[in-house]
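Step one of this worksheet: look at the structure below.
The values are calculated or read from the model by the stated rules, or taken from the named source; none is laboratory data. From a predicted model like this one, the values you see are computed outputs, not experimental measurements. Here the Cβ positions follow ideal geometry from the backbone for every residue, glycine too, while neighbour counts run over all protein chains shown.
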Amino acid sequence: MKNTAIFIGIAGALGMAICDMILLAQPVSGSYYDLSSFGAMEHISSSRAVLGSTLGLVCAFFICFGFWYLLQLFNRVSESVAILLFISLCSVEFFGGAFHAGYYFLSDQRLIPNTLTADFTQHLEWLSYLGVPGYIAGTILFFRLALDSRFPKWFRFANPLIIHGILLLAFTPLPAPIGGYMKPTFINIGFAIWFGISVWVGQLQPPLQTPKKY
């Protein structure tokens, strides 16, 4: 069941990356838009936005199966910290799914007054900010749990912050049109890579000993 969960999580992350392409991909360079690619929505039809935003909300749920695998992986290191890790990361997808669904309201802007577009954009920005605390907490908790001597020393650095940073640096300089297709996916491709590394490390490690309560 544990391994099944991580593969569901990987499929969810890759599915979300595809949804990112449906919602935001444009034949431009990776540096053309900002991190959220709000400007790309001006060129996205409402029908395309419905597909990308709805499927993205579903994929956000399945990504949480990958976080459940991490809970099981670290449960014998510290049950309490592993639970906090799971809650923190699930909060990222809770707000991330809402953020993804909200992109729909920025699509086909020819039909939307400028004042409403500005309001929708501000709303999405607030949703993205609400996901940041869980993301930072999850990264710190993962680093702490991965310090356990049963895991390879490099594993602590295979955390989402570093993986996403590397992908962002790699995708941003990409020229048109590939940059405009890859840049919006860096968060979810990063989660898929993180899950893949974690399941590989988990299969290499012997069972940990008595759980610690702290």
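A compact table of results
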item	result
Number of positions in the stretch 29-75 that are in contact with a Lys or Arg (Cβ under 9 Å, 6 or more places away or on another chain) and part of a loop (DSSP other than H, G, I, E, B)	7
Where a residue in the stretch 19-39 is over 12 Å from Tyr103 (Cβ atoms) and its partner, wherever it lies, is modelled with pLDDT under 95 and among the β-branched types (Val, Ile, Thr), with Cβ under 8 Å and at least six apart	none
Residue count for the stretch 101-154, restricted to those that are assigned to a loop (DSSP other than H, G, I, E, B) and either free of Cβ contacts under 8 Å to residues at least 40 places away in the same chain or out of contact with any helix residue (DSSP H, G or I) (no Cβ under 7 Å at 6 or more places or on another chain) (or both)	6
Residues within the stretch 147-182 that are more than 21 Å from Val132 (Cβ to Cβ), crowded, with 16+ Cβ neighbours inside 10 Å and among the aliphatic types (A, V, I, L, M), tallied	2
Filter pass, Leu141 being closer than 24 Å to Val81 by Cβ and buried (at least 16 other Cβ atoms within 10 Å of the Cβ)	yes
Pick from the stretch 199-209, criterion over 19 Å from Gly15 (Cα atoms) and assigned to a helix (DSSP H, G or I), ranking: modelled with the lowest pLDDT	Leu204
Residue satisfying all of: in the stretch 100-115; within 20 Å of Val50 (Cα to Cα) and surrounded by fewer than 13 Cβ atoms within 10 Å (Cβ to Cβ); modelled with the lowest pLDDT among these	Arg110
Single residue of the stretch 157-189 satisfying the filter (in contact (Cβ under 8 Å) with a residue 40 or more places away in the chain and among the small types (Gly, Ala, Ser)) that is nearest to Ser88 (Cα to Cα)	Ala158
First in the stretch 53-71 and more than 16 Å from Ala17 (Cβ to Cβ), second anywhere and surrounded by fewer than 19 Cβ atoms within 10 Å (Cβ to Cβ) and among the basic types (Lys, Arg), Cβ under 8 Å, 6 or more apart	Tyr69/Lys2
